[in-house]
1. Let me check against my output: what whole-number percent is the relative contact order of the stretch 45-334, with C-alpha pairs under 8 Å and at least 6 apart?
2. Would you mind pulling out the separation of the Cα centroids of the stretch 237-256 and the stretch 267-299, in Å?
3. When the Debye formula is applied to the Cα atoms of the stretch 45-334, each taken as the same point scatterer, what base-10 log of I(q)/I(0) results at q = 0.09, 0.13, 0.15 Å⁻¹?
């Protein structure tokens, strides 16, 4: 998986004909290393931040959408659709590793600056669950649809049902069946759920989160990613936060909502993420999940500051702004993988 550890090389994005013209250039590895890893101290918009290295090309798509006059909600949807549609990304959408029955099941949610939100959980056969979640937000009186109901809704909206289990993922599943032992694999290959937060050119905040969930999970399992307040939460007057890692731990602590509440009380995004990660640690330090527990958060506030923090080492996130372009940053962390 060495290619996952290399920064993606792409061309810089173009500019647009709007009142404020902005661009998001790629920065070099040396420039990335010079960037502070936790908090940007200069208020800054537009701004996009997303989890893991697959957030890098996702940021590019989101930034392009803003450049073309799209809103923040347009941008986060367009951004996370990139890893959703990439069969090489084994934890998001098409090509995601399946559950123990060999089924690829997807979870996603989306939220706009007016606190409108939509979510789908345990969705099968639809490549872009984030777009279905947006339809739930815009076209129904509900927040969440699940399972067969979510699928029927998607089909009624013109989405195409297709097989999401690629030959590579099917091969891995059949190898897993030889021992059939369940143990979450999170952070080992430096990727997981993609969560994205954005401040658009008007200063409005949006967010999205999408995943194929934990590999080899029980059929029907739903993690934190589609749950507003756990995997994603925002308040346009304060800021936004999103999670990655073991969903059960995030759900138990309403993680993203708690990060936003810490920012409401005056904490910086990085400080807020750290406080909630440490709270999760205290709740789980004697828990059976502690052996493989990894949780990370990203956050932005209304002033355009951002931050990230994780329980264990290895979590990185992609940031795109006008000042420093699109780059990867390493989150600070509480402990390494060999520490308990």
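Any read-out appearing in this document is the output of simple, stated calculations on the displayed coordinates, not a laboratory observation. All values reported here derive from a predicted model rather than from experimental measurement.
1. Details: 782 pairs, mean separation 64.7, N = 290.
RCO, the stretch 45-334: 22 percent.
2. Measuring centre to centre over Cα atoms gives 9 Å.
3. -0.36, -0.78, -1.05
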